[in-house]
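Read the structure below first, then the notes.
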Amino acid sequence: MDLALLKNLGVHEKVVRALEKTAGEKFEVLEIEQSASSLRLILRCRPEAGVKPHILTLRDFVPVPAAGTAEPEAAYAAGRREHYLCADRLHLFPQPGSGQANLAINGQKFRMGESLFRLLFHLAREMKSNGSGWISIQDLRQARCIPSDGYQAFSRLRSVVAGYLLKKNPREFLEANGGKQYRVSLPPENIDF
């Protein structure tokens, strides 16, 4: 099993470390089962190898939302419930005056460069419109929000907003899912235009 490939595909770091520790390279097939609060990793060899499956359970792996937290109605669409990583508030001013602030995060106004603002605006609009907010790299390139040659816009955006966030964790604010999709991980009701 190629553990480096799993890392590159965006498999959670806890899963990869658990596989390295218990299985190494001797197993060829990985099955993953998720319960309400844990994850079961079932490692198998080919049937002709005669090796029994190895089952590893990661308890408390699946985050449980705090009681009483309100989720937006759009998140319940299609029978699913979204989980957002941040509780920050984002307000975007699409047409500010010259030299004025074009956004506010948690009430702190500041001016962001045009290209990064366009990317953030596009991500925020997607979250506001469908409650999921996931948008692919290809769609962002087609909308001319990011250049066709790299991912630097995402790290630049994260470093610009980091100081304004409640938890100071920009990777939670701008979330990636491992499938070349990104979103601002805020409840849609926390985003205003």
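The values are calculated or read from the model by the stated rules, or taken from the named source; none is laboratory data. Small disclaimer: the values here were computed from a predicted structure and weren't measured. Note that each Cβ is placed from the backbone with ideal geometry, even for glycine, and that neighbours are counted across all protein chains shown.
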* **Residue check, ARG144 closer than 22 Å to GLU172 by Cβ, surrounded by fewer than 20 Cβ atoms within 10 Å (Cβ to Cβ) and assigned by TED's automatic domain parsing to the domain that holds ARG89** => no
* Asked: When only residues in the stretch 90-132 that are assigned to a loop (DSSP other than H, G, I, E, B) and either under 17 Å from the mean Cα position of the chain (by Cα) or over 19 Å from VAL161 (Cα atoms) (or both) count, which is modelled with the lowest pLDDT?
  -> GLY97
* Restricting the search to the stretch 87-132, which residues are among the hydroxyl-bearing types (Ser, Thr, Tyr) and surrounded by fewer than 17 Cβ atoms within 10 Å (Cβ to Cβ)? -> SER98, SER115, SER129
* Considering every residue within the stretch 78-88, establish whether at least one is assigned to a helix (DSSP H, G or I) and at pLDDT below 85. => yes
* In the stretch 139-182, what residues are closer than 18 Å to HIS91 by Cβ and either part of a loop (DSSP other than H, G, I, E, B) or basic (Lys, Arg) (or both)? -> LEU165, LEU166
